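In what follows, a structure is listed as structure tokens, so that the remarks can point back to it.
The values are calculated or read from the model by the stated rules, or taken from the named source; none is laboratory data. Here the structure is a predicted model, which means the values were calculated and not measured. Note: ideal-geometry Cβ built from the backbone for every residue, glycine included; neighbour counts use all protein chains shown. Calculation scope for accessible area: heavy atoms of the full protein, side chains included, ligands and nucleic acids excluded. Shrake-Rupley method; radii C 1.70, N 1.55, O 1.52, S 1.80 Å.
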Amino acid sequence: EQPVAVHPSDLRRDPPRWLVVLLTGLLLVAAGRGTWLVWADAGQTPALRAADALPVYLSGAAVADGEDPTTQRGLKAAYDRREMSVRAATFSNLYPASTGVLVQPIARGTWEEFVVAWRALLLLGAIVAGATGGLAAARGPWAPVAGALGAWLAVSVFPVTAECVALGQANLLIGGLMGIAMLALSRARPEVAGVAAMLGAGIKLVPGFVVWPLLAARSRRGLVGAAVAGLAVLGLTLAFVPLERAVIGVQATLQFQSVITPDWMNHGPVPAWVRFAGDLRHAPMMVWTTA
């Protein structure tokens with residue numbers, strides 16, 4: 001008889017179903033409790049503390065009012081029209097014009113109403129980021145445990161989730177869309193990854209870099225999905241903002257970001273090597289990340 005080769009993976013036994021169900025259930029309960037605590041903390045945080053949500057709101061409000069969200073005049077007009085009392089340090093928009101177009105449905109109401117809706121979206125983004133990240137890293141019978149574990153880590157262990165939700169930091173929503181892209185790529189659904197990336201880029205430009213691995217992999221479906229979603233976001237944006245202003249807005253955003261320095265670099269003497277490390281967060285780190 002011919003010997004039969006046995007692969008080590010063939011010797012692994014699937015875990016008992018009851019164990020998978022038990023662990024998944026316990027982690028989901030823990031994730032639910034963490035979600036409630038984060039939401040309760042955000043509910044107790046005054047809307048005026050949601051500083052990072054203000055430029056997003058003003059951008060959407062400006063679009064809703066027929067103003068240009070890429071100009072200080074347009075943002076200030078939306079601010080004054082609503083007689084807002086939230087202190088605005090600057091009326092420079094840190095987001096592309098498409099951001100205001102995409103969020104305008106929830107920016108038509110009051111500032112307080114927007115903060116509640118925006119924080120809910122951010123919390124959902126954190127949960128999705130954790131769950132999809134876990135699922136993207138696991139296959140087979142352990143996948144539900146990995147997804148539940150990721151969701152729990154995002155809302156209960158990651159140290160800044162609650163603070164980011166309270167501040168209105170858009171990166172949590174971006175994280176959720178990037179998680180969807182990761183999961184889609186791990187499950188051979190590149191077209192979904194392309195759509196998620198372009199939606200993310202419509203809010204904040206960085207997720208557009210997902211197109212790079214799609215190009216490297218010569219994924220036709222992924223590139224088609226990205227192109228369709230990108231054209232849809234662009235077309236919707238141009239319905240409210242002229243192309244020239246949209247391009248100028250992106251250029252202004254990149255220029256503004258390139259001169260920002262971390263707050264700790266402006267207090268007291270800082271060694272030269274520390275300043276060098278702080279400056280790496282801009283163009284050099286972007287180039288390295290892309291590579």
If the elastic network links every pair of Cα atoms under 10 Å, which of LEU223, LEU58, LEU236 fluctuates the most in the Gaussian network model of the chain? LEU236
Shape category assigned to the stretch 150-202 from the gyration tensor of Cα positions, a/c cut at 1.5: oblate
Find out how many positive minus negative residues lie around MET84, taking Lys and Arg as positive, Asp and Glu as negative, among other residues whose Cβ is under 11 Å from that of MET84. +1
Set the Förster distance to 22 Å, then compute FRET efficiency between VAL206 and VAL160 from the Cβ-Cβ distance, nearest 0.05. 0.80
Listed residues ASP80, ASP65, ASP14 arranged by accessible area, highest first, probe 1.4 Å: ASP14, ASP80, ASP65
Please give the contour-minus-distance gain from LEU231 to ASP14: 0.36 nm per residue of separation, less the Cα-Cα distance, rounded to one decimal in nm. 73.7 nm
Using the beta-carbon distance between LEU243 and ARG81 and R0 = 30 Å, what value does 1/(1 + (r/R0)^6) give for FRET efficiency, to the nearest 0.05? 0.70
Could you tally the net charge around ARG221, taking each other residue with its Cβ under 9 Å from the Cβ of ARG221, Lys/Arg +1 and Asp/Glu -1? +1
Net charge dipole size for the chain [Lys, Arg +1 and Asp, Glu -1 on Cβ; Debye, nearest 20]: 440
For the stretch 23-78, what is the largest minus smallest coordinate of the Cα atoms on each principal axis, given in angstrom and ordered from greatest to least? 53, 23, 14
In whole percent, what relative contact order does the stretch 68-126 give with Cα contacts below 8 Å and a gap of six or more residues? 32
Suppose accessible area is computed on protein heavy atoms with a 1.4 Å probe; arrange VAL155, VAL287 from highest to lowest. VAL287, VAL155
Over the stretch 47-167, what relative contact order in percent results from Cα pairs under 8 Å that are six or more residues apart? 26
Go through ARG82, ARG220 and list them by solvent-accessible area, largest first, probe radius 1.4 Å. ARG220, ARG82
Once normalised by the length of the stretch 134-238, the mean sequence separation of its alpha carbon contacts under 8 Å that are 6 or more apart gives a contact order in percent of 21
Roughly how much of SER156 is accessible, in Å² to the nearest 10, using a 1.4 Å probe? 50
Zero-based 5 Å bins, Cα pair distances in the chain, whole percents: 1, 5, 10, 12, 14, 16, 14, 11, 7, 4, 2, 2, 1, 1, 0, 0, 0, 0
Could you do me a favour and compute the accessible area per residue for the chain, 1.4 Å probe, result in Å²? 57
